Every structure is written in structure tokens, then in C-alpha cells.
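Trainee: This structure is in C-alpha cells; I'll ask about it shortly.
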Amino acid sequence: MTLSPADANAVVEAHNRYRRDVTVNVPDLAWSDALATDAQKWADHLASLPTWPANPHSGVGGENIAWAAPPGSKTPAEFVDQWGAEKAKFIPPCTFTAKVQGDPCSTTGDWRHIGHYTQIVWRLTTHVGCGLATSVATGRDIFVARYAPPGNVRNKLVY
């Protein structure tokens, strides 16, 4: 299902709340219909699978994915807030390393505990587009966000 204009606006605003909250100037994101189309295709693909894959990511840079059950239990903006909650484990300022053990950006030492958040606030990212699909097989809503230019680039400052 394509996000409504109201949901798209709420998603952009949710992203921008986190971006405005950092200590340096991180510009607001804008909505991209092209990214939303790509995100929707990937969400639809994941929803068509009989089981949730071990690694649901497409391999495309600049992507966040989340799921919720039962369907309809989260709004698109609440998925963004789920990722934004990772801020509590983020240690700024930080150069992104993507280390699973000993990552200096994460209080847990694991970048997977902050990676959604760092993509949201990645200073050089300018656009976002999202898609939402419901899987009958798994009983989950699947939310995909795509970002351009992609963030979480190794050895680069988050912001």
C-alpha cells in the first residue's frame, strides 16, 4: 500500500525532529517519490515471502527496515520513532565504523544498535522515501525507508 500524503508528511517530520535535535546543523530531509517507489517495491517483496528472511535488507545502501505485528499496530511515523529511540545508545561525535564488537559510536559496542538512528541523522542525506506492506503469511506490517545519498558510510562522520 502506498503511503498517503499525510503519512508521508508525518514520516518526513518524524525524521526531521531527530535531525533538528543534534548539536550541529543537520538539514531537514525532503520526500522523494522515486525512493518511495523503490521502498514500496521492497516492502511488497518482503511481504510476499512465506517467512521473514534472516537478513531482510536489499543490499541497497541507505535503507532502514522494521516490522510490527499485528498489522496496523504502528503508524509509519511510529516506525521512525522506533529507529530514533536508538539515539540513547549513540555516542557523538562519531566516525561511523560498522563494527559489531567494539564500535566506538555505540554504548553497547555494536553498530547494529545505532545504525537506524545514524541513518536518520546522517548529515549528507537529503531525501527519504518509504513503503509499507502487510504480509498475510507472517502477520506483520513491513516498513521500508530508503535514503539518498545513503548514510552509514564507514570512516565518515555521522554529522
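Trainee: Dividing the Cα radius of gyration by the Kirkwood radius, what Rg/Rh value follows for the chain?
Mentor: Computed over Cα atoms, the ratio is 0.96.
Trainee: List, in order, the whole-Hz ³J(HN,Hα) value for each residue of the range 66-75 obtained from phi through the Karplus relation with A = 6.51, B = -1.76, C = 1.60 and θ = phi - 60°; use x for Gly and Pro.
Mentor: Per residue, the Karplus-derived 3J(HN,Hα) values read 8, 9, 8, 9, x, x, x, 7, 9, 7 Hz.
Trainee: For His127, enumerate residues with amide H under 5 Å from its amide H, sequence gap 5+ or separate chain, H modeled in the peptide plane.
Mentor: Distant-sequence amide H within range of His127: Ala30, Ala148.
Trainee: What number comes out for accessible area per residue over the range 1-76 if the probe is 1.4 Å? Units Å², please.
Mentor: On a per-residue basis, the range 1-76 sits at 55 Å².
Trainee: Read phi for every residue in the range 77-83 and hand back ³J(HN,Hα) as whole Hz from Karplus 6.51 cos²θ - 1.76 cosθ + 1.60, θ = phi - 60°, with x for Gly and Pro.
Mentor: Once θ is set to phi - 60°, the couplings for the range 77-83 become 5, 5, 5, 4, 5, 4, 5 Hz.
Trainee: From the P(r) of the range 69-144, could you give the percentage of C-alpha pairs in the tail past 15 Å?
Mentor: Counting pairs separated by more than 15 Å, the tail of P(r) holds 60 percent.
Trainee: How many percent of the accessible area of the range 5-157 is carbon or sulfur, using a 1.4 Å probe?
Mentor: 57 percent
Trainee: Sorted by average packing, counted as other Cβ atoms within 10 angstrom per residue and highest first, what order do 75-84, 93-102, 126-135 take?
Mentor: Per-residue Cβ counts within 10 Å, averaged per peptide and sorted highest first, yield 126-135, 75-84, 93-102.
Trainee: Still on this structure, please answer the following. Treat every Asp and Glu Cβ in the chain as -1 and every Lys and Arg Cβ as +1, leave all other atoms uncharged, and give the resulting dipole magnitude about the Cα centre to the nearest 20 debye.
Mentor: 440 debye
The values are calculated or read from the model by the stated rules, or taken from the named source; none is laboratory data. Small disclaimer: the values here were computed from a predicted structure and weren't measured. Virtual Cβ from ideal backbone geometry, glycine too; neighbours counted across all protein chains shown. All accessible areas refer to the heavy atoms of the entire protein, side chains included, with ligands and DNA or RNA removed. Shrake-Rupley method; radii C 1.70, N 1.55, O 1.52, S 1.80 Å.
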